[in-house]
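Undergrad: For reference, the structure I am asking about is given below.
The values are calculated or read from the model by the stated rules, or taken from the named source; none is laboratory data. None of the values given here were measured: they were computed from a predicted structure. A quick note on method: Cβ atoms are made from the backbone with ideal geometry, for glycine too, and the neighbour counts reach across all protein chains shown. The area values use the complete protein model at the heavy-atom level, side chains included, leaving out ligands, DNA and RNA. Shrake-Rupley method; radii C 1.70, N 1.55, O 1.52, S 1.80 Å.
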Amino acid sequence: MDGGEEQTRGRLPGERRVVVGVSGSLGSLTALHRGADEARRTGAVLVAVLAWVPPGGELAHRKAAFPPPEDALRRAAAERLLGAVDDAFGADGPGIPWEGFVVRGTPGPALVESADRPGDVLVIGAGRRGGVRHVLFPNVVRYCVAHACCPVLAVPPSPLQSELAAVHRRLGRRRTLLARDLTEGRA
């Protein structure tokens, strides 16, 4: 490599990447699978990105008398990222070249900054929105679609997610759950 070329994060600048937002939620694991499929299909590198902020937010962290060390928070975020990749693909990983990054910041801006190359594709879990949730939590999908310089693929939640939520509701009400209810979809 001559002095005029630059490598970015160990990869050539023109290399295709599929950047996936990872939080560990079921929606992000679904997005991680979809991103791996897209990377495999196009010969791109899978880049898993987990955005993190200190507990309580940046302001609380700055004002805390004894804030947790940033290195410990970053390590915890890295462990969550590796745990999510392990949950999604098992110990063998996705079976394609991949990189993982933890970025300090809110998810929307952190993902847009991570998917900053024209050849990138940004994959995020769309999740289910409803009730007061959209007021309390910023919509990462909407932010990414509005600000990304690359295509954004919003992956809808897995159909199994609503079935799992129904099982949790039923168990939360302490109602009996029979195995046939799970197989017949009546949870």
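Residue-wise test of (1) at pLDDT below 75; (2) within 30 Å of residue 47 (Cα to Cα); (3) assigned to a loop (DSSP other than H, G, I, E, B).
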{"position": "99", "(1), (2), (3)": "no, yes, no"}
{"position": "118", "(1), (2), (3)": "no, yes, yes"}
{"position": "165", "(1), (2), (3)": "yes, yes, no"}
{"position": "182", "(1), (2), (3)": "yes, no, no"}
{"position": "185", "(1), (2), (3)": "yes, no, yes"}
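Undergrad: Within segment 50-63, does at least one residue satisfy the condition of being buried (at least 17 other Cβ atoms within 10 Å of the Cβ), modelled with pLDDT of 90 or more, among the hydrophobic types (A, V, I, L, M, F, W, C) and within 21 Å of residue 120 (Cα to Cα)?
TA: So far as segment 50-63 goes, yes, one or more of its residues are buried (at least 17 other Cβ atoms within 10 Å of the Cβ), modelled with pLDDT of 90 or more, among the hydrophobic types (A, V, I, L, M, F, W, C) and within 21 Å of residue 120 (Cα to Cα).
Undergrad: Please determine whether any residue of segment 141-153 is modelled with pLDDT under 70, of a type in the set (Phe, Trp, Tyr), out of contact with any His (no Cβ under 6 Å at 6 or more places or on another chain) and not in a strand (DSSP E or B).
TA: Going residue by residue through segment 141-153, those that are modelled with pLDDT under 70 are none.
No, segment 141-153 contains no residue that is modelled with pLDDT under 70, of a type in the set (Phe, Trp, Tyr), out of contact with any His (no Cβ under 6 Å at 6 or more places or on another chain) and not in a strand (DSSP E or B).
Undergrad: Here's a follow-up. Criterion first (open to solvent by 40 Å² or more (accessible area, probe 1.4 Å) and at pLDDT below 90) does residue 138 satisfy it? Steps first, answer last, please.
TA: Values: open to solvent by 40 Å² or more (accessible area, probe 1.4 Å): yes; at pLDDT below 90: yes.
Against the criterion (open to solvent by 40 Å² or more (accessible area, probe 1.4 Å) and at pLDDT below 90), residue 138 qualifies.
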